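Trainee: Got a structure for you, written out below as structure tokens; questions coming shortly.
The values are calculated or read from the model by the stated rules, or taken from the named source; none is laboratory data. This one's a predicted model, so the numbers in the text were calculated from it and none came from an experiment. Note that we place each Cβ from the backbone using ideal geometry, even for glycine, and neighbour counts take in every protein chain shown. Calculation scope for accessible area: heavy atoms of the full protein, side chains included, ligands and nucleic acids excluded. Shrake-Rupley method; radii C 1.70, N 1.55, O 1.52, S 1.80 Å.
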Amino acid sequence: MHSLHVDLGQRSYPIHIGTGILADPALFAPALSTGPVAIITDSNVAPLYLEALHKTLRKLEKDVLTITLSAGEASKSLANIQEITGRLLSAGYGRDCTLCALGGGVVGDITGFAAAVYQRGVACIQVPTTLLAMVDSSVGGKTGVNHPLGKNMIGAFYQPRAVIADTDTLDSLPDREFRSGLAEVIKYGLINDQGFFSWLEDHMDAVLAREADALAKVIQYSCKDKADVVARDELEGGLRAILNLGHTFGHAIEATTGYGQYLHGEAVAIGIVMAADLSRRLDLIRESEQNRIYALIKATGLPTLAPAFPIADYLAFMRVDKKAEGGRVRFILLRGIGSAVITGDVPPAAIAQTLQAFMEHEHA
């Protein structure tokens, strides 16, 4: 097992990464409040790992309530926040309870937000079961739900008490979900870790084969890179926004297609390709660097083209992106592999050209 530390003063917490650790009550005990526990999971994960987590918590003599949501991005809704909080109130759960998120990014985001708002804040533990959640969404305290007018528009910064990532759960992860997580992994190499990006270029076959050593390196390096950024800018006042490389385009793709056609990582992969293209159009990176980025995304089997919709539709969703300021869309772009820049000074014509270049109908 490997443990990392997210350094946020009184809100600091550990990230534990290892095999079989879902069964280790000693990792859970320090993060639990004194009262009962509610496990929030989804219909895909519950049949696989719910009983194992139940068993671990019972060893700690905890009363456990289970709330199972439908799997998929559409579950990140205010209606499900109402469902979760209603179940907690009906069960008599007070401020001494702990919410445990067992699942991927959707479950982690909605559980974290429920923990932030239930009785003005209760303890939360993240138990990610997908690669994307292990390397990104479970770390850093960003929580929230979607709105029809924009992704993650309703939420809170709320740190967990611990992140417990059992890599054995990746054995059951469908190939599409596994590849989806690699978009966020590649992002870390692009924004601040050139050596990691080069390592991914050389070892992607081993990663895709889910070789244990390669997976361990991917998760540890990604979590370390994210923890370092979060420790320096917890509430995204500046630097932390670089973690959104590819997300301005990606969130617009998810919103335009109605949350569900594309997995989050698939949309981010397209967004990274677009961000690299836009960076090249603005002469921030060389064509050779853009080609390397495109080649690595392609090597993962992730999509590189957005669905055909009017450019105006994409731009409308981009204007309500959380990073927008004064009506201007801010982009995370690249000044080379391993270096990101935040800018709102992007000509609208260049954005439209990038969108046009990477829409499916352009390559039919």
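Trainee: Taking the stretch 71-122, which residues are within 29 Å of residue 261 (Cβ to Cβ) and among the aromatic types (Phe, Trp, Tyr)?
Mentor: Scanning the stretch 71-122 gives a single hit, 113.
Trainee: Taking the stretch 143-178 only, how many residues are over 17 Å from residue 254 (Cα atoms) and buried (at least 17 other Cβ atoms within 10 Å of the Cβ)? Reasoning before the result, please.
Mentor: Filtering the stretch 143-178 down to residues over 17 Å from residue 254 (Cα atoms) leaves 143, 155-175, 178.
Applying the additional criterion that residues be buried (at least 17 other Cβ atoms within 10 Å of the Cβ) yields 143, 155, 157-167, 169-170, 173, 178.
Counting residues in the stretch 143-178 that are over 17 Å from residue 254 (Cα atoms) and buried (at least 17 other Cβ atoms within 10 Å of the Cβ) gives 17.
Trainee: Which of the residues that make up the stretch 52-65 are out of contact with any strand residue (DSSP E or B) (no Cβ under 8 Å at 6 or more places or on another chain) and either without any contact (Cβ under 8 Å) to a residue 12 or more places away in the chain or outside the structural domain of residue 30 (by the TED database) (or both)? I'd like the intermediate steps shown before the answer.
Mentor: Residues of the stretch 52-65 out of contact with any strand residue (DSSP E or B) (no Cβ under 8 Å at 6 or more places or on another chain): 52, 55-56, 59-61.
Scanning the stretch 52-65 gives a single hit, 61.
Trainee: Do we have any residue at all in the stretch 66-88 that's in contact with a strand residue (DSSP E or B) (Cβ under 8 Å, 6 or more places away or on another chain), under 18 Å from residue 154 (Cα atoms), free of Cβ contacts under 8 Å to residues at least 40 places away in the same chain and open to solvent by 20 Å² or more (accessible area, probe 1.4 Å)?
Mentor: Scanning the stretch 66-88 turns up at least one residue that is in contact with a strand residue (DSSP E or B) (Cβ under 8 Å, 6 or more places away or on another chain), under 18 Å from residue 154 (Cα atoms), free of Cβ contacts under 8 Å to residues at least 40 places away in the same chain and open to solvent by 20 Å² or more (accessible area, probe 1.4 Å).
Trainee: For residue 236, which of the numbered conditions (1) surrounded by 16 or more Cβ atoms within 10 Å (Cβ to Cβ); (2) in contact with a Gly (Cβ under 8 Å, 6 or more places away or on another chain) fails to hold?
Mentor: Failing condition for residue 236: (2).
Trainee: Then there's this: Out of 101, 115, 74, report the one residue that is modelled with pLDDT of 95 or more, part of a helix (DSSP H, G or I) and among the hydrophobic types (A, V, I, L, M, F, W, C). Reasoning before the result, please.
Mentor: Numbers: 101 fails: part of a helix (DSSP H, G or I); 74 fails: modelled with pLDDT of 95 or more.
Of 101, 115, 74, the one residue that is modelled with pLDDT of 95 or more, part of a helix (DSSP H, G or I) and among the hydrophobic types (A, V, I, L, M, F, W, C) is 115.
Trainee: Only one residue in 312, 357 is closer than 20 Å to residue 150 by Cα, open to solvent by 10 Å² or more (accessible area, probe 1.4 Å) and not acidic (Asp, Glu), so which one is that?
Mentor: On the way: 357 fails: closer than 20 Å to residue 150 by Cα.
Every option except 312 fails the conditions.
Trainee: Being closer than 23 Å to residue 338 by Cα, touching an Asp or Glu at 6+ places or on another chain (Cβ under 7 Å) and open to solvent by less than 10 Å² (accessible area, probe 1.4 Å), is that true of even one residue in the stretch 268-289?
Mentor: So in the stretch 268-289, the residues closer than 23 Å to residue 338 by Cα come out as 268-289.
Now restrict to residues that are touching an Asp or Glu at 6+ places or on another chain (Cβ under 7 Å): 268, 280.
Cutting the leftovers down to open to solvent by less than 10 Å² (accessible area, probe 1.4 Å) gives us 268.
Yes, the stretch 268-289 has at least one match.
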